[in-house]
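Report on the following structure.
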Amino acid sequence: MSGTPERPLRADAARNRARLLDTATEVFATRGIGVPTEEIARAAGVGVGTLFRHFPTKEALLEAVLVRKLETIAVRAAQLPAETAPAEAFFDCLRLVVEQSAGKTEFAQALAAAGVDAHATLREATTAIRARLSELLAGAQRAGAVRPDLGPPELIALLIGTTTAMEHLGDDASARERVFAVLFDGLRPPGGIRA
């Protein structure tokens, strides 16, 4: 690392990078992370050289997609309290985290296999999401919508388990909704407020 600040991307380069990330996110979500980088470049309408200028390896692209997904979750989670009641904001955030975390394990395993420390890369976004979840949990508990004995560590464990369960269910939407119903019902105190 040279210590010199990175120059901002030119407008066309920034558009190409954003298009590559959008395309890679969609392709990886629908076809898995085994899709060759050449196909991603072609689907984005750029040359493979352009892809490699922005992401010198496939692992760099995977890492960027994963970071972007988590940053998107963090931004959306920060917006929820201003848009809805505390209970609804909390349960909407849980759904968001589970739905947007699909495939995260596959990404993390691929990065680890390439020697990339995914936890270090994702630390900032993960910390922001956990802080927001803690705030939303406290608000929902104050509103009487979530059992008072639940703490952030248990909530994180439940989210990890639920995300893993959803990966096993695949695309079965009705089964996924049943899992959410069981999770949400288990989080509510007896006679609590329903979101």
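The values are calculated or read from the model by the stated rules, or taken from the named source; none is laboratory data. Model, not experiment: these values are computed from the prediction. Glycine gets a Cβ as well: all are built from the backbone with ideal geometry, and neighbour counts include every protein chain shown. These accessible areas exclude ligands, DNA and RNA; they are computed on the full protein's heavy atoms, side chains included. Shrake-Rupley method; radii C 1.70, N 1.55, O 1.52, S 1.80 Å.
Output the residues belonging to the stretch 161-182 that are assigned to a loop (DSSP other than H, G, I, E, B) and either among the acidic types (Asp, Glu) or modelled with pLDDT of 90 or more (or both).
Correct list: ASP171, ASP172.
Only one of these conditions is not met by ALA145: (1) open to solvent by less than 50 Å² (accessible area, probe 1.4 Å); (2) of a type in the set (A, V, I, L, M, F, W, C); (3) under 18 Å from the mean Cα position of the chain (by Cα). Which number is it?
(3)
From the list PHE107, PHE90, which one is under 23 Å from GLY161 (Cα atoms), hydrophobic (A, V, I, L, M, F, W, C), in contact with a Gly (Cβ under 8 Å, 6 or more places away or on another chain) and in a helix (DSSP H, G or I)?
Sole residue among the options that is under 23 Å from GLY161 (Cα atoms), hydrophobic (A, V, I, L, M, F, W, C), in contact with a Gly (Cβ under 8 Å, 6 or more places away or on another chain) and in a helix (DSSP H, G or I): PHE90.
For the stretch 110-125, which positions are within 15 Å of LEU62 (Cα to Cα), assigned to a helix (DSSP H, G or I) and open to solvent by 40 Å² or more (accessible area, probe 1.4 Å)?
Answer for the stretch 110-125, where residues must be within 15 Å of LEU62 (Cα to Cα), assigned to a helix (DSSP H, G or I) and open to solvent by 40 Å² or more (accessible area, probe 1.4 Å): ALA112, ALA113, HIS119, ALA120, THR121.
In the stretch 88-97, how many are of a type in the set (A, V, I, L, M) and either open to solvent by 10 Å² or more (accessible area, probe 1.4 Å) or under 24 Å from ARG17 (Cβ atoms) (or both)?
The total comes to 2.
State the number of residues belonging to the stretch 21-78 that are open to solvent by 50 Å² or more (accessible area, probe 1.4 Å) and at positive phi.
1
Considering each of ALA128, ALA102, ALA140 in turn, give the residue that is in contact (Cβ under 8 Å) with a residue 40 or more places away in the chain and either touching an Asp or Glu at 6+ places or on another chain (Cβ under 7 Å) or outside any helix (DSSP H, G or I) (or both).
It is ALA102.
Every residue in the stretch 73-121 that is over 23 Å from GLU26 (Cα atoms) and of a type in the set (Phe, Trp, Tyr), please.
Those that are over 23 Å from GLU26 (Cα atoms) and of a type in the set (Phe, Trp, Tyr): PHE90, PHE91.
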